[in-house]
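Everything below concerns the one structure shown next.
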Amino acid sequence: TTTLSSTEDATALASCATYSGSVAVASGFSDTLDLDGIQEISGKLEARNVSSIRTLSSPTLQKILGDFTLGWLDSLANIEFKKLDTVGRMRFDTLPKLQSVGLDAGVDVASVDIVSTGIESLELNVKVADDIYVADNQKMNNISLGLNNIGNSLTIEANNPEVAVDFPSLSWANNITLRNVSDISMPRINFVNDSFGLIACSTKSLMVPGLSVINGMFGLVDNPDLGDVDLPALLSVGKLFVLDNAKIGTISFEQLAKINSHVTITGNVTNITMPALQSANGSFVIDSVEDFNCDPFDTYKTNNVIKREYVCFG
């Protein structure tokens, strides 16, 4: 590992197009670190507990094959890597003054953690990632991720409760967990291989127009302002849990044909639409405190569409 203690050290390192090894920033480094000239680091790039560094940039760096780790940097305000397109793992933790992240090229990365920063608007041009974790960013009011695919998990939680999330290109994900968000846009999501959870969010509606398959659990839990839920293209789901959503009214699954396991729906539900249902293979429980019409589901039970225990209270 090469440790950078001064701008002279950084200049010497950047004179190499490719550096074989890892790079660390010494705790006494101050102000601006500019790695202009270097194109690839075969190991890690990390800065921890460097209290005076304000800007970290490189107009030339394209690849960090190891981890890119920034942690506990009290003064860091800007990150600019306009050509960076490959990173092993990206970990940003406790960067209270960080306002912007410039990654313009579109990054392939194994995982991204962004925790406890000062970022207000997070716009990451990430193409493909296994894991995305964004949490405890109290000033963050917007998250826009341009990725197409999530190989393992996408988790957004415990940020500013007014944060809006936008995934304009996301089409496939293994797991999605959204907590404490106010608005959700996923216009292209088509397939969730495992679970999709919306928990303790202030969003008023959930409309996911293209989602056709959720192989695992679809959970809507403790969303106090959620009114309407519409997944018009959903064909099959593993489990369906809709719990403790005080204002929920209409749930619409116009094309839902198959539920592989259990269904539990509670709360002030006035209408649930599942006209295409062909099989529900687990227990099926609806418990609404409103004047709910159980007749369509009674018929499903009579006709053996609902295979196991069935309870409906309205």
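The values are calculated or read from the model by the stated rules, or taken from the named source; none is laboratory data. Everything quoted here is computed from the prediction, not taken from an experiment. Neighbour counts run over all protein chains shown; Cβ positions are idealised from the backbone, glycine included.
Tabulated data
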quantity: Flag if GLY238 is surrounded by 16 or more Cβ atoms within 10 Å (Cβ to Cβ), at positive phi and either within 29 Å of the chain's Cα centre (by Cα) or of a type in the set (Ser, Thr, Tyr) (or both); calculated: no
quantity: Filter result (of a type in the set (A, V, I, L, M), part of a loop (DSSP other than H, G, I, E, B) and modelled with pLDDT under 95) within the stretch 270-314; calculated: VAL289
quantity: Test: residue in the stretch 38-61 that is surrounded by fewer than 17 Cβ atoms within 10 Å (Cβ to Cβ) and among the basic types (Lys, Arg); calculated: yes
quantity: Those residues of the stretch 233-254 which are over 17 Å from GLN278 (Cβ atoms) and assigned to a loop (DSSP other than H, G, I, E, B), in sequence order; calculated: ALA246, LYS247, ILE248, GLY249
quantity: Members of the stretch 99-141 found to be closer than 16 Å to ASP166 by Cα, surrounded by fewer than 19 Cβ atoms within 10 Å (Cβ to Cβ) and more than 12 Å from the chain's Cα centre (by Cα), listed by number; calculated: GLU120, SER121, GLU123, ASN125, LYS127, VAL128, ASN141
quantity: ASP74, sole failed condition from (1) assigned to a loop (DSSP other than H, G, I, E, B); (2) touching a residue at least 24 places away in the same chain (Cβ under 8 Å); calculated: (2)
quantity: Qualifying position, being among the charged types (D, E, K, R) and not in a strand (DSSP E or B), among ASP67, ASP104, ASP93; calculated: ASP104
quantity: Cβ-Cβ under 6 Å pairs, at least 6 apart or on other chains, the stretch 22-37 side at positive phi, far side in a loop (DSSP other than H, G, I, E, B) and among the hydroxyl-bearing types (Ser, Thr, Tyr); calculated: GLY37/SER15; GLY37/THR60
quantity: Subset of the stretch 142-176 [polar (S, T, N, Q), within 19 Å of LEU98 (Cα to Cα) and either crowded, with 19+ Cβ neighbours inside 10 Å or touching a Pro at 6+ places or on another chain (Cβ under 9 Å) (or both)]; calculated: SER144, ASN159
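To keep it simple, each residue is scored yes or no on (1) assigned to a strand (DSSP E or B); (2) on the phi > 0 side of the Ramachandran plot; (3) touching a Lys or Arg at 6+ places or on another chain (Cβ under 9 Å).
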| position | (1), (2), (3) |
| --- | --- |
| ASN175 | yes, no, no |
| ARG188 | no, no, no |
| THR203 | no, no, no |
| GLY210 | no, no, yes |
| PHE218 | yes, no, yes |
